[in-house]
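The values are calculated or read from the model by the stated rules, or taken from the named source; none is laboratory data. All figures in this text were calculated on a predicted structure; none of them were measured in a lab. Here Cβ is always computed from backbone atoms with ideal geometry, including for glycine, and neighbour counts include all displayed protein chains.
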Amino acid sequence: MVSLKSALSFVLLAGTTSISSAFTAAPRYHAVGTTSSSNSCLFMGWGPDPIWSSSSVENTQMGNLSKECVVVNLEIPPETAKEFSVPGQYVQLRPNEDTKPIFLAIASPPDAENARFEFLIKKTDDNTWLTDGSATTLEVSQVLGGGFPVKEELDSLKYDFPCQNILLFAAGSGISPIRSAIESGDLQTSGARTARLYYGARTEADLSFVDKFPAWEKSGVEVVPVLSQPSESWQGRTGYVQNALEEDGVPVPRNTGALMCGMKGMTEAITDILTKAGTFEGRILTNF
């Protein structure tokens, strides 16, 4: 397998420091209030009705070198920070009650003492009010979803075989909740448990959080970027993450668990490969 260092040479030479030093909106602070709204029903039927609170945008930064994603840091109410306890949980955001909210997995790890959430957001026509860097105040819902049930499914002995290997799968901005899981420490990869992240993107420039890869590797997570449209200089894996899994195989399936976030086709293909190999279906975790 080509080393991560050589595979990412193109990205690093391009200057990953620019990921955290792009355009910044000046923060504006204000009193936090909480409201609920009868016309704020959940779209797509996810979870309970939102309870809205005021929040402030601290800064908006470039999320990758292709500039197709942005990283938004949001100051949220302390009680909202305390609600975030499991990586993979999400919130709704909106600029006002007249705008359809968007659903965003929290990219930062849970920290009840830090009233700030970080998000990685792919730019679309429906979220320019947030991704263009002009927003200063937003409405944020309570923390929603159960997140990745790592403790219940991977740490317990309910399957009679301990989980000694964790496979992580992400595509595009789906890296957000996976990053949260890695940096939370919940995966317990500093000991005998191994972990490997397959991270899919189109090109080198579409990879996000590249500057964090060395720290993830140091914590025990092997990072395997997989590009579907790489440049000629790319020396790493190519294709799609499910193809890379097929090529590598599943290590000791009954002792393996998985976390994944990405498009439906990817998650279905990975689930099929894992279950056919012998991984317990209950140990294949998604955050939605």
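THR203 falls short on exactly one of the conditions (1) in contact with a helix residue (DSSP H, G or I) (Cβ under 9 Å, 6 or more places away or on another chain); (2) farther than 17 Å from ASP155 by Cβ; (3) not hydrophobic (A, V, I, L, M, F, W, C), and that condition is (1).
Among the residues of this structure, SER156 does not count as one that is hydroxyl-bearing (Ser, Thr, Tyr) and either under 30 Å from ARG116 (Cα atoms) or in contact with a helix residue (DSSP H, G or I) (Cβ under 9 Å, 6 or more places away or on another chain) (or both). Summed over region 205-221, residues that are buried (at least 17 other Cβ atoms within 10 Å of the Cβ), more than 23 Å from VAL72 (Cβ to Cβ) and of a type outside the set (Val, Ile, Thr) total 1.
Residues in region 76-97 that are over 20 Å from PHE288 (Cβ atoms) and surrounded by fewer than 23 Cβ atoms within 10 Å (Cβ to Cβ): PRO77, PRO78, GLU79, ALA81, LYS82, PRO95, ASN96, GLU97.
Taking the criterion of being closer than 27 Å to VAL86 by Cβ, surrounded by fewer than 18 Cβ atoms within 10 Å (Cβ to Cβ) and in contact with a helix residue (DSSP H, G or I) (Cβ under 6 Å, 6 or more places away or on another chain), the only residue of region 116-141 that qualifies is LYS122. Given the condition modelled with pLDDT of 95 or more, polar (S, T, N, Q), outside any helix (DSSP H, G or I) and closer than 23 Å to ARG179 by Cβ, answer yes or no: does some residue in region 36-55 qualify? Taking every residue of region 36-55 in turn, at least one turns out to be modelled with pLDDT of 95 or more, polar (S, T, N, Q), outside any helix (DSSP H, G or I) and closer than 23 Å to ARG179 by Cβ. Scanning region 203-244 for residues that are out of contact with any Asp or Glu (no Cβ under 9 Å at 6 or more places or on another chain), in a loop (DSSP other than H, G, I, E, B) and without any contact (Cβ under 8 Å) to a residue 40 or more places away in the chain gives GLY220, SER228, GLU232.
Taking region 249-272 only, how many residues are touching a residue at least 12 places away in the same chain (Cβ under 8 Å) and surrounded by fewer than 16 Cβ atoms within 10 Å (Cβ to Cβ)?
Residues that pass the stated criteria total 4.
Annotation note: of PRO95, PRO78, the sole residue that is outside the structural domain of GLY185 (by TED's automatic domain parsing), on the phi < 0 side of the Ramachandran plot and in contact with a helix residue (DSSP H, G or I) (Cβ under 7 Å, 6 or more places away or on another chain) is PRO95.
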